[in-house]
Amino acid sequence: MWSPEKNIKWSVALPERGNSSPIVWEDRVYLSQAIESEHFRSLMCFDRASGELMWQSGVRYARAESKHETNTYCASSPVTDGERIYVSYASAGLYCYDMDGNELWHRNLGPHQHQWGDGASPILEGRFCFFYHGPGPGSYLIALDKRTGDTVWRVEQSAVKAGPEREDGFNGNGNGMVGTFATPMVIDGGRRRELIMVYPESIRSYDLSTGTEFWRCGGLNPLIYASPLWHQGKVIAMGGFFGPMVAVRAGGTGDVRSSHQVWKSGRTPHRLGTGVVSGDSIFVFDRPGMLQCIDARSGQSLWQERVRGKGANSAIWGSAVLAGDKIYVVNQSGDTIIVRASKEFELLGINSLGEKANTTPALAGGEIFIRTDARLWCVADASLRAQR
């Protein structure tokens, strides 16, 4: 259990609020951070032992860029392979730094134009850095050589758009919101590796090296928040704003909706964050703070329970994290909710930091790193702190 006065290894003040999440590599913690008043977008590096700011590198970008009032600039979380760190600043570009914060390369990927802003993060696999530059006009999925930043391939979203399937809260509204905030995922499809991207209305699979499409499956609605999940050969995608869930077997060719779709749910709760898979169960929190357990084999709901935190706002926009048989998620009051990943609901704890939050926690080596609007926190039991 923890609170601002208990089992806190350190906390450091942040210059402004942010929706990106921290990542941890060995003795350092990395966090993207915008300072809107200074038109500054940056990556910060903290000492894991003390919380001391080791360096901050970034870029000035003063041109107007739309976003939702609840979103922030630098909403994308960074990623690292231990040699380089990659971070998206949306319209200000995708940047690669060495571990000491020196810029190695950057790419101007074009303006980001969506009234709600951005949220997808880069991922690494082999020699590639994959990134979805979107949502909005001119969105695309790109593979970059992670050492040089050169384009390996690029797929325009306009080339993959299907027809409107408005099975969500905008059903019947021709002006409903369209866009995906999902981060791509690499899976082992058995005989090959596949890059999975969840677009508005469809799931697509690509060859990692060439960007050639392996397969596609429709059935989603046009507004997607969550990133895909993986369960025993199946890709599971969740539509946003009451849209359906779709599970499809990987490894197909062409349009696989009739041949490889395993199940499709009906109308679902309003979800934003990505869930987790444990065993044969999917655990996902919806926006008001309801946890649902879903059978990953059939798509049937096994149970759902409302989880209220200690603060006034129990809404959950961040994603869940699975560690062993425990699931961690942070609500907008800054309460970390811990539940058991099991066939029956079991609440293990609610730990409040008393500050607003809209992010996903990072767990590493017995420590938990949580970004709130005001601070970056390192939570650790006293016995664990003594060991580091």
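Quick look at the numbers
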{"read-out": "Glu305-Ser342 pseudo-label distance in nm [points 7 Å out on the Cα-to-Cβ vector]", "value": "0.9"}
{"read-out": "Reported label for calculated semi-axes √(5λ) of the Cα gyration tensor in Å given (1) 36, 22, 21; (2) 30, 28, 23; (3) 30, 26, 20", "value": "(3)"}
{"read-out": "Relative contact order (percent, whole number), the chain, Cα cutoff 8 Å, 6+ residue spacing", "value": "12"}
{"read-out": "Dipole in debye (nearest 20) - the range 2-71, about Cα centre, beta carbon charges: Lys, Arg +1; Asp, Glu -1", "value": "100"}
{"read-out": "Unit charges on C-beta of K, R, D, E only; dipole of the chain, Debye", "value": "560"}
{"read-out": "Under the Karplus curve 6.51 cos²θ - 1.76 cosθ + 1.60, θ = phi - 60°, whole-Hz ³J(HN,Hα) for the range 269-275, x wherever Gly or Pro sits", "value": "x, 7, 10, 10, x, 7, x"}
{"read-out": "Vicinal HN-Hα couplings computed from phi for the range 132-140 (Karplus, 6.51 cos²θ - 1.76 cosθ + 1.60; Hz; Gly/Pro x)", "value": "9, 8, x, x, x, x, x, 5, 7"}
{"read-out": "Sites Asp295 and Asp207, calculated FRET efficiency, Cβ-Cβ separation with R0 41 Å, nearest 0.05", "value": "0.85"}
{"read-out": "Amide hydrogen neighbours beyond the local backbone of Thr180, cut-off 5 Å, H modeled", "value": "Gly136, Ile224"}
{"read-out": "The range 109-131 versus the range 37-65: alpha-carbon centroid distance in Å", "value": "18"}
{"read-out": "GNM result for the chain, Cα springs below 10 Å: residue of Ala159, Ala296, Ala320 fluctuating most strongly", "value": "Ala159"}
{"read-out": "29 Å Cα-Cα threshold exceeded, pairs from Lys6/Lys67; Lys264/Lys310; Lys67/Lys326; Lys326/Lys356", "value": "Lys6/Lys67; Lys264/Lys310; Lys67/Lys326"}
{"read-out": "Dipole of the chain, positive end: most advanced residue of Ser301, Gly365, Ser91 [Cβ charges, Cα centre]", "value": "Ser301"}
{"read-out": "Neighbourhood net charge (13 Å Cβ-Cβ; Lys/Arg +1, Asp/Glu -1) for Thr253", "value": "+2"}
{"read-out": "Long-range amide H partners of Tyr199 with built H, under 5 Å", "value": "Arg204"}
{"read-out": "For Phe241, residues with placed amide H under 5 Å, excluding near neighbours", "value": "Arg271"}
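Bear in mind that the values in this text are calculations on the coordinates, not laboratory data. This structure is a prediction, so every number in the text was calculated from the model and none was measured. With ideal geometry, Cβ positions are generated from the backbone for all residues, glycine too; neighbour counts draw on all protein chains shown.
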